[in-house]
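Student: Below is one structure. I have some questions about it.
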Amino acid sequence: MTATMRAVQVQQAGGPFVVADVPVPEPKPGQVRVRVHACGMCGGDAIPRFGLFGTQLPRVPGHEIAGVVDAVGDSVQVWQVGDRVGVGWSGGSDFTCEFCRRGDFTNCVDRTVVGSSYDGGYAEYMVAPQDAVAPIPDALSFEEAAPLMCGGITAFNALRHSQAGPGDTVAVQGVGGVGHLAIQFASRMGFRTVAINRGRAKEELARQLGADEYVDSTEQPGGEAVRALGGASVILCTVDHADLQSELVNGLRPNGRLIVLEGQQPIQVTGHVLATDRLSVSGWYSGVAQDSEDTMNFAVLRGVRPIIETHPLEDAEQAFQNMSKANLRNVLLLHMN
């Protein structure tokens, strides 16, 4: 008899998550099976939710996975049963395309996304290619590690590649699911950290997380306020709001860089503004398993932790609906031993 497990599926594009009993997947050669202990919920779960970018349904979402290796396929050389591991957004590379041959695995032309290209972590078990897996340090619990596999890695990776140096001013737009992690990383990296958010409700939290300055963008445009503080070498935008992103360019110092993590509307800035102070506007896209490992190790070293709210797997639909209202990361709990 085929063993079954609890899983949450998207069965119809735009429809609610459905709890179902499905077969436990078997690892193929080069794959590992993970017994999922925790899976973070992320805005990127909207991709399978709405069947976007070629996602085939039914699909099990979830790309912030933390658990234990339960079984390994043939030719797996890195992982052993019992290893504590995480699986993030980047679900594997082909190792043969131009970008992979140059070591740029994130831009692999055949890259896969966990929970979209194949079933993810809203389930008791999932399988992934061995190159998509990262070790979890013993100092992190599964529920702490899970949000670092996407929200954490994106903030950490963008900041460490931003070319800002110790003591430079770095501003973070948004004190939310990604922003509250970015503030911690920026502070621990030695940047003078400015938090930008609407209203004063999150000022105390931002300062507790490590912000040296706080800007209420309802009192004064965010870029203008950051400029008054001396300007930022880097402004990291964690909120999808094109008008705010466009205005934040005003807060950059000469040679400064605006880094956006997401956005569906055009950012507007003139060539004159960019050229006069040699500014740049760029994006950042997640990272691969080695980046996840670096993120978690740094988090342990410097005490960075996500603010989380936990939910049982059966409450995935309600937790997803409330995700945008929370100033934290929602985490689904599965196996607890």
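The values are calculated or read from the model by the stated rules, or taken from the named source; none is laboratory data. All figures in this text were calculated on a predicted structure; none of them were measured in a lab. Cβ sites come from the backbone with ideal geometry, for glycine too, and all protein chains shown count toward neighbours.
Conditions (1) closer than 26 Å to Leu181 by Cβ; (2) in contact with a helix residue (DSSP H, G or I) (Cβ under 9 Å, 6 or more places away or on another chain), marked per residue:
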{"residue": "Val78", "(1), (2)": "no, yes"}
{"residue": "Asp83", "(1), (2)": "yes, no"}
{"residue": "Ser90", "(1), (2)": "yes, yes"}
{"residue": "Phe95", "(1), (2)": "no, yes"}
{"residue": "Arg101", "(1), (2)": "no, no"}
{"residue": "Thr106", "(1), (2)": "yes, yes"}
{"residue": "Gly120", "(1), (2)": "yes, yes"}
{"residue": "Ala123", "(1), (2)": "yes, yes"}
{"residue": "Ala134", "(1), (2)": "yes, yes"}
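Rundown of residues vs (1) more than 19 Å from the chain's Cα centre (by Cα); (2) on the phi < 0 side of the Ramachandran plot, yes/no style:
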{"position": "Ile235", "(1), (2)": "no, yes"}
{"position": "Ala242", "(1), (2)": "yes, yes"}
{"position": "Leu252", "(1), (2)": "yes, yes"}
{"position": "Gly271", "(1), (2)": "yes, yes"}
{"position": "Ser282", "(1), (2)": "no, yes"}
{"position": "Ser286", "(1), (2)": "no, no"}
{"position": "Glu293", "(1), (2)": "no, yes"}
{"position": "Leu313", "(1), (2)": "yes, yes"}
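Student: For the range 202-239, what are the residues that are part of a strand (DSSP E or B) and small (Gly, Ala, Ser)?
Tutor: Those that are part of a strand (DSSP E or B) and small (Gly, Ala, Ser): Ala232, Ser233.
Student: A follow-up question, please. Just give me the residues in the range 1-56 being in a loop (DSSP other than H, G, I, E, B) and hydrophobic (A, V, I, L, M, F, W, C), in sequence order.
Tutor: Met1, Ala3, Ala13, Val24, Met41, Cys42, Phe50, Leu52, Phe53
Student: Here is a follow-up. Whether any residue in the range 285-299 is over 30 Å from Ala139 (Cα atoms) and either at pLDDT below 95 or outside any helix (DSSP H, G or I) (or both) is what I want to check.
Tutor: No, because not a single residue in the range 285-299 is over 30 Å from Ala139 (Cα atoms) and either at pLDDT below 95 or outside any helix (DSSP H, G or I) (or both).
Student: How many residues are assigned to a loop (DSSP other than H, G, I, E, B), without any contact (Cβ under 8 Å) to a residue 60 or more places away in the chain and crowded, with 24+ Cβ neighbours inside 10 Å when one looks only at the range 161-199?
Tutor: Result for the range 161-199: 1.
Student: Something else now. Regarding the range 62-71, can at least one residue be identified that is in contact (Cβ under 8 Å) with a residue 40 or more places away in the chain and outside any strand (DSSP E or B)?
Tutor: Looking for residues that are in contact (Cβ under 8 Å) with a residue 40 or more places away in the chain and outside any strand (DSSP E or B), one finds at least one in the range 62-71, hence yes.
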